[in-house]
Amino acid sequence: MRRFLSLPLCNDPKVDAYLTKLGLRLASKLPTRGVQYPWEFHCVNSKEINAFALPGGYVFVNRGAIEVADNEAQLAAVMGHELSHVALRHGTAQASKAQLMQGAAGIFGGIFGGSTGGALLTQGVALGAGSVLLHYSRSDETQADVMGTQALYDNGYDPRAMAQFFEKLDAETKGKNPPQFLSDHPNPGNRAARVQEEIDKLGGVPPNAKRDSPEFEAIKREVMALPVVKPPPASAASAAPAPPSGNFVDYQGSAYALKVPENWKRYEEKGSVTFAPDGGILQNGGLAYGVIVSVHQVQTDGSENALDNATQALIQELAKTNPGLKVTRGPGRVQLNGRPGLSTYLSNDSPGGGQETDWLVTVLRPEGLLSFLCVAPKAAYPDYERTFTAVLDSVRLQN
Ligand SMILES: [Zn+2]
């Protein structure tokens, strides 16, 4: 189970400085309703055409987006669109309050201890699986297009670049797997027409509207010459960890208590605790053997489908960092410490190679969706099942 989405950064100060200058210029024209965002802009060393902003004002632009842009106005368009999502506070309902309040520390997870954004952003970024990568609705998209078009216009750029960038993206990716960008930013359908309508309202394209700059062309060349970072290969399957002890020790969390084998260690991160034997967590951060207990902020309507819906949303979120994840059985109704829960079995690529089995048990609590994710390689799963069952049987929910 990959627990984080890691982003290799370009670490090119010239490129980041350029993105920062352009981004701050765009941001200065956005209505942020008095909120001062600590904007930070970074280039991600990924060829995939993507850019995304986290609710606190951290903006990541993939090199692929810079390379595909025909001119500075198109790059400004995609950045203006992202910044508009932040200014419009899209996605703040999806990110937990705690994450928003704690800014970078909350978003980037406790694996970095107390490090601040600046310190941890020197190498690469690991984003916790869940709630930080946002899917926008079609109406969010239209709003971001409109506000982004205004920001282009106010900065003297040709505002038609907004529709042009998205059209280019559609054309570039015809017949291929659509990039993540297009599933996060669904096409509202009438994008070009809506952007044109906004341009008309603004009084048309200014006669001297800026489309490109020598600086952009220089940065694009710089980016194209950067070495390509390949995702790290799954570390070779190391020796299997020692079998789980039959002696259990108590763990007391804020919302629940449970017992785990005494030879497992505990790794606390923001919103989750991982219990694993030595060797259960691999160098790439993936969990090969152990249990992850997490609390996920959910919006519940109190309906009888609330648990099903929240569980479904969690599985989709996990699938973002685990593309091989598939439901193999369930969800089925279970009881967890007397409360109604759901039990789902999944198969997944093990971070150590081969396949793994994941047993997910979820229950709704006042704090959110509480999930217990039990992970072991498929071949070893039968040996671990008794331990996982004992851990789940020991769960005591507070209140
Ligand atoms: Zn969008």
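The values are calculated or read from the model by the stated rules, or taken from the named source; none is laboratory data. These numbers come from a predicted model, not from an experiment. Every residue, glycine as well, gets a Cβ built from its backbone with ideal geometry; the counts of neighbours run over all protein chains shown. Each accessible area value is taken on the protein alone, full model and side chains, heavy atoms only, with ligands, DNA and RNA left out. Shrake-Rupley method; radii C 1.70, N 1.55, O 1.52, S 1.80 Å.
Suppose we keep only residues that are over 18 Å from the mean Cα position of the chain (by Cα) and open to solvent by 80 Å² or more (accessible area, probe 1.4 Å) within segment 301-312. Which one would you say is modelled with the lowest pLDDT?
Quick first cut of segment 301-312, residues over 18 Å from the mean Cα position of the chain (by Cα) only: 301-309.
If we keep only those that are open to solvent by 80 Å² or more (accessible area, probe 1.4 Å) as well, we get 301, 304-305, 309.
Numbers: 301: 69, 304: 80, 305: 89, 309: 91.
Here the answer is 301.
Could you count how many residues in segment 359-377 are under 17 Å from residue 273 (Cβ atoms) and open to solvent by 60 Å² or more (accessible area, probe 1.4 Å)?
The number of residues fulfilling the criteria is 1.
Do you know which residues across segment 154-191 are buried (at least 24 other Cβ atoms within 10 Å of the Cβ) and away from the ligand (no atom under 12 Å from the Cβ)? Walk me through it before giving the result.
In the first step, residues of segment 154-191 are kept if they are buried (at least 24 other Cβ atoms within 10 Å of the Cβ); the result is 157, 159, 161-162, 165-166, 185.
Those that are buried (at least 24 other Cβ atoms within 10 Å of the Cβ) and away from the ligand (no atom under 12 Å from the Cβ): 157, 159, 161.
Of all residues in segment 1-28, count the ones that are out of contact with any His (no Cβ under 8 Å at 6 or more places or on another chain) and at pLDDT below 90.
Within segment 1-28, residues that are out of contact with any His (no Cβ under 8 Å at 6 or more places or on another chain) and at pLDDT below 90 number 9.
Based on this model, can you work out whether residue 98 counts as more than 16 Å from the ligand (Cβ to nearest atom), at pLDDT below 80, part of a helix (DSSP H, G or I) and not hydroxyl-bearing (Ser, Thr, Tyr)? Spell out how you get there, then give the answer.
Numbers: more than 16 Å from the ligand (Cβ to nearest atom): yes; at pLDDT below 80: yes; part of a helix (DSSP H, G or I): yes; not hydroxyl-bearing (Ser, Thr, Tyr): yes.
Spelling it out, residue 98 is indeed more than 16 Å from the ligand (Cβ to nearest atom), at pLDDT below 80, part of a helix (DSSP H, G or I) and not hydroxyl-bearing (Ser, Thr, Tyr).
Please return the ranges of helices (runs of 4 or more DSSP H) entirely within segment 1-94 where 2 or more residues are more than 14 Å from the ligand (Cβ to nearest atom), free of Cβ contacts under 8 Å to residues at least 24 places away in the same chain and buried (at least 21 other Cβ atoms within 10 Å of the Cβ).
Values: elements: 13-27, 63-68, 72-87.
Output list is empty.
In segment 200-252, how many residues are under 30 Å from residue 265 (Cβ atoms), modelled with pLDDT of 95 or more and either open to solvent by less than 50 Å² (accessible area, probe 1.4 Å) or of a type in the set (A, V, I, L, M) (or both)?
Count: 4.
Residue 255 versus (1) on the phi < 0 side of the Ramachandran plot; (2) open to solvent by 40 Å² or more (accessible area, probe 1.4 Å): which is the lone unmet condition?
The failed condition is (2).
Out of all the residues in segment 378-388, which are in a helix (DSSP H, G or I) and either out of contact with any Phe, Trp or Tyr (no Cβ under 9 Å at 6 or more places or on another chain) or open to solvent by less than 20 Å² (accessible area, probe 1.4 Å) (or both)? Let's see the steps before the verdict.
So the first thing to find is which residues in segment 378-388 are in a helix (DSSP H, G or I), and the list is 381-388.
Across segment 378-388, the qualifying residues are 381, 382, 383, 384, 386, 387, 388.
Pairs under 8 Å by beta carbon, first residue assigned to a helix (DSSP H, G or I) in segment 156-182, partner open to solvent by 40 Å² or more (accessible area, probe 1.4 Å) and of a type in the set (S, T, N, Q), six or more apart or different chains?
Matching pairs, first to second residue: 163/196; 166/187; 170/187.
Pick from 346, 364: which is at pLDDT below 95, of a type in the set (A, V, I, L, M) and within 24 Å of the chain's Cα centre (by Cα)?
Working: 346 fails: at pLDDT below 95.
Step by step, each of 346, 364 is checked, and only 364 is at pLDDT below 95, of a type in the set (A, V, I, L, M) and within 24 Å of the chain's Cα centre (by Cα).
What are the residues in segment 348-358 that are open to solvent by 30 Å² or more (accessible area, probe 1.4 Å) and not in a loop (DSSP other than H, G, I, E, B), if any? Lay out the reasoning, then the answer.
Within segment 348-358, the first condition is being open to solvent by 30 Å² or more (accessible area, probe 1.4 Å), and the residues that meet it are 349, 353-355.
Matches in segment 348-358: 349, 355.
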